[in-house]
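We did not get these values from a lab; they are worked out from the coordinates using the rules stated. Not measured: the values here are computed from a predicted model. All Cβ positions, glycine included, derive from the backbone under ideal geometry; neighbour counts span all protein chains shown.
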Amino acid sequence: MATEIKAPTFPESVAEGSVAAWHKQPGDSVERDELIVEIETDKVVLEVVAPDAGTLTEIQANEGDIVQSEQVLGLLGAAEEKAGSKASANEKADAPKGGEASDSAQPEAPASSGKTHEVKAPTFPESIQEGTVSTWHKQVGEAAQRDEVLADIETDKVVLEVVAPADGALSEIKVEEGAQVESEAVLGIFAEGAGGDGSASVSASEPASDASSSADSGGESEQVGDKILAPAARKLAAEHDLDVSKIEGTGKGGRVLKEDVQKAVKEGTAKKASQSAPASTPAQAAAAAPVVEGERPEKRVPMSRLRQTIAKRLVQAQQTAAMLTTYNEVDMTEVMSLRSQYKDTFLKAHDTKLGFMGFFVKAASEALKRFPDVNASIDGTDIVYHGYQDIGVAVSTERGLVVPVLRDTDSMKIADVEKQIVDFGKRARDGKLGIDEMQGGTFTITNGGIFGSLLSTPILNPPQTAILGMHKIQERPMAVNGKVEIRPMMYLALSYDHRMIDGKDAVQFLVTIKELLEDPARLLLDV
């Protein structure tokens, strides 16, 4: 008796999902709890596992199809059953088992063991709806070892890695770089034990109307003139408007790989000749030349998913919150004196440098305990008071701003804060932060001072109701005990949601942080 394979029960905030990737094809045997298909929602990628051991007999929802919560995706038969007349008419392929292949069958990769796997996007967290295939590290036919990275999926928060399920090679790429995918969407097909020339593993009869691909199978090379370009190379060459005839291919049969295009971009050897510019020598063409008078060059590139999300959230914060900002300034003399006195001892004891952020996090934690409204959030018509302090620290990366969260900062030591922030910064720049590390948070600190900002107005990080902005430390003449002294001063800015926080509390909160930093002993004495 066939067992129904159903989509998971979606969270309340998720209306529907998309079949991202089938990791098994009709006729493939599966073990209990083995991953069969991935469903990508607008927030996460959900994994669907086998409810029992058996054989996948039918796929009822193809990759790219929109499905509802608990919708039947396919049928699982007994272990001895094979795909037969029950197979859906709209299936793309049957896994090659006995050497026979129909026009719609998936081609078997050369030297393959015969077992194929679906390469799926990861299961996205609830807060992530979809992602973008940013990079394919392997092309069709290229050998890969188990757990080796095949592709990167860029979401609005992190870059997720898709690894090889076994030793073998990609036999098909279904989703090209730049395409949007949902949680658990099928990205390609992986054949165990396969390797060698990828061109042998792509069927000439494969349908070109695959909804998840913009050109043939997405992994098939395209011939431009007398050059054969890999999909990633074709995309990169188009982005930089290169003359592909000038790019030397280093792949098999002279195929132009992504690395070849990257080299051409770096060396400037494949630029298209400008029709409006005067003729120049190759040496002149390769060198950067001033803009010809009358030219108004423009470059259009797609906005990254992270940048789109940042833009959306910033606008949302300004449109939905009654945001105000209060300012103050803090004399950093005592903090800087402590750092200077103990920096070497601190480094030896904790194997990390003593920075400023540790002081600010601890000061903010204490202030949040004294002013619970600042540590609260608004959920519809409810106010949620948090009995803990989870402080997000804004980290700038090439992809955009991310905000990993320090958990239970009240119980953290300054050394713990400094170590965690260093780790966050490194992994954020490498795209290795986990989704769970950027979720939650009751308060945020952002430091524009590292870029030279003297004063700015930070924007709220919903659903939080306040954010602290640090700025550049700058020496200024200050009146101290009736005398003018040069002091290292920093402007502080606290943006807050006036729907939740009264102006009096916001001002006193910021004054508390100022006092704790100007007399750091208060942090130890809790006064």
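Overview of values
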{"read-out": "Residue (of G440, Q420, F371) at the positive-pole extreme of the range 364-464, dipole from beta-carbon charges", "value": "Q420"}
{"read-out": "In the range 297-391, chymotrypsin sites (Phe, Trp or Tyr not before Pro) in a DSSP loop with at most 13 other beta-carbon atoms within 10 Å", "value": "Y385"}
{"read-out": "Additional length obtainable on full extension of the chain from V315 to K504, 0.36 nm per residue less Cα span", "value": "65.4 nm"}
{"read-out": "Projected label distance in nm at A53 and S340, using a 7 Å step from Cα toward the beta-carbon", "value": "7.2 nm"}
{"read-out": "Rough spin-label spacing in nm, given labels placed 7 Å along Cα→Cβ, for V422 and Y388", "value": "2.6 nm"}
{"read-out": "Magnitude of the charge dipole, the range 305-525, Cβ model with Lys/Arg +1 and Asp/Glu -1, debye to 20", "value": "680 debye"}
{"read-out": "Ranked L524, L338, criterion: other C-beta atoms within 10 Å, fewest first", "value": "L524, L338"}
{"read-out": "Förster-model FRET efficiency, 30 Å R0, A143 and E31, C-beta, rounded to 0.05", "value": "0.75"}
{"read-out": "In nm, spacing of pseudo-spin labels at D436 and Y327 (7 Å Cα→C-beta vector)", "value": "4.2 nm"}
{"read-out": "Extended-chain gain in nm, criterion 0.36 nm per residue less alpha-carbon gap, A2 and T135", "value": "44.0 nm"}
